[in-house]
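Worksheet: the structure to be examined is printed underneath.
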Amino acid sequence: MPDLVPSMHPPDDLPEDALARHVAGECAPEEAARVHAWLAAHPEEATMVSALAAREAAVGARAESLPVDVEAALARVRARLDSPALTVVRGGAAARPGQVPRRWGGARRWGAAAAAALVLGVGFATRGDWGTPSAPRALRTAIGTRDSLRLPDGTLAILAPGSALDVIDGYGREAREVRLVGAAFFEVVHDAARPFAVRTGDVVIRDLGTAFSVNTAADGRVAVAVTHGIVAVRPASGAEVELRAGDRGTADATAVTVRRGVVTAEDVAWTRGVLNYRDTPLMEVRADLRRWYGLDLRITDDVLEARTLTASFRGERAADVIRLIALALGAEAVTQGDTVFLRPLRGADEAGRATPP
């Protein structure tokens, strides 16, 4: 049987919606580099993507006035892809109703997102119809669902699951400020005359021309990871601290603790659906479990709570994530509904290693 659609199998570290973001011009720099490398190695697929990009540009002006629920749009497109009445054509050959090409694979996954962008005439997860610059806007994400927002000045915000972003009234007049609950990645279009700032809890993060992620932990502390450029982090009652590319700062209401040169692309891998932890405090892990899986992690031991986690998760089931976390910490997990109690494993020492009976 002839191939009916191109075989598209992007590398494992390229998420299914990356090509859609590429078409919409919303890729972060690291992701954009991976997309370009993959397209360079796959000229046939690159031709299709170029066609999508051309169509996107042609309808871009109209998209500005379209309010879009992208998750719902993708669901509709996927439903159409699964429909037995769908006919897929390549090179003049058509699939019969109900026939699924053997090499649909990755094309089906990324195609749903790209098709949504094409059908709607908007970029992936772009929210339109801003009205006047002073009109407040908000974006909310459900548990387990990421979304993105292109602000009127071109700044890109990628929102983690279970998070909320509010654009503060007056955005774009004299300043540009947003309020964040949860976690987000920002790629900011710098404007010295109208500074960009993120308010979250008791902390203000001010852009000095950069891209950075913000993550609020379960105990209220705010972690800021700078991938390039500079930001200034100011706690409510403490001194402002500058973070440069590669720096990670953790702020509470009174101070900012800085680790220089430790941030890599893996610190923002969650924008690709990957949760990476390197000696990460359990309070941050706890917040992520709530946002990504709807689980409330309760830690019943002070020694256990002081430990850190080093692990990586990409699409595992909630039960498997909990099991692996418990294994990594030398703990046991007891699940009651949406609450997970983590307690020391019997016969484990303070470092989490099993001890002989």
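The values are calculated or read from the model by the stated rules, or taken from the named source; none is laboratory data. No experiment lies behind these values; they were computed from the predicted model shown. No Cβ is skipped: glycine too gets one built from the backbone with ideal geometry, and neighbour counts run over all protein chains shown.
Structure data summary
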{"read-out": "Subset of the range 232-255 [over 14 Å from ALA183 (Cα atoms) and within 20 Å of the chain's Cα centre (by Cα)]", "value": "ALA245, GLY246, ASP247, ARG248, GLY249"}
{"read-out": "Residue under evaluation VAL285, criteria (1) free of Cβ contacts under 8 Å to residues at least 40 places away in the same chain; (2) not assigned by TED's automatic domain parsing to the domain that holds ALA218, criterion not met", "value": "(1)"}
{"read-out": "Condition broken by VAL189, with the remaining ones in (1) in a strand (DSSP E or B); (2) closer than 26 Å to GLU31 by Cβ; (3) in contact (Cβ under 8 Å) with a residue 24 or more places away in the chain; (4) β-branched (Val, Ile, Thr) satisfied", "value": "(1)"}
{"read-out": "Filter result (acidic (Asp, Glu) and under 16 Å from the mean Cα position of the chain (by Cα)) within the range 258-295", "value": "GLU266, ASP267, GLU284, ASP288"}
{"read-out": "Which listed residue is surrounded by fewer than 20 Cβ atoms within 10 Å (Cβ to Cβ), touching an Asp or Glu at 6+ places or on another chain (Cβ under 6 Å) and small (Gly, Ala, Ser), from ALA225, ALA236, ALA255, ALA218", "value": "ALA236"}
{"read-out": "Residue list for the range 226-253, filter: farther than 23 Å from ARG307 by Cα and hydroxyl-bearing (Ser, Thr, Tyr)", "value": "THR227, SER237"}
{"read-out": "Check on LEU118, in a strand (DSSP E or B) and either buried (at least 17 other Cβ atoms within 10 Å of the Cβ) or at pLDDT 50 or above (or both)", "value": "no"}
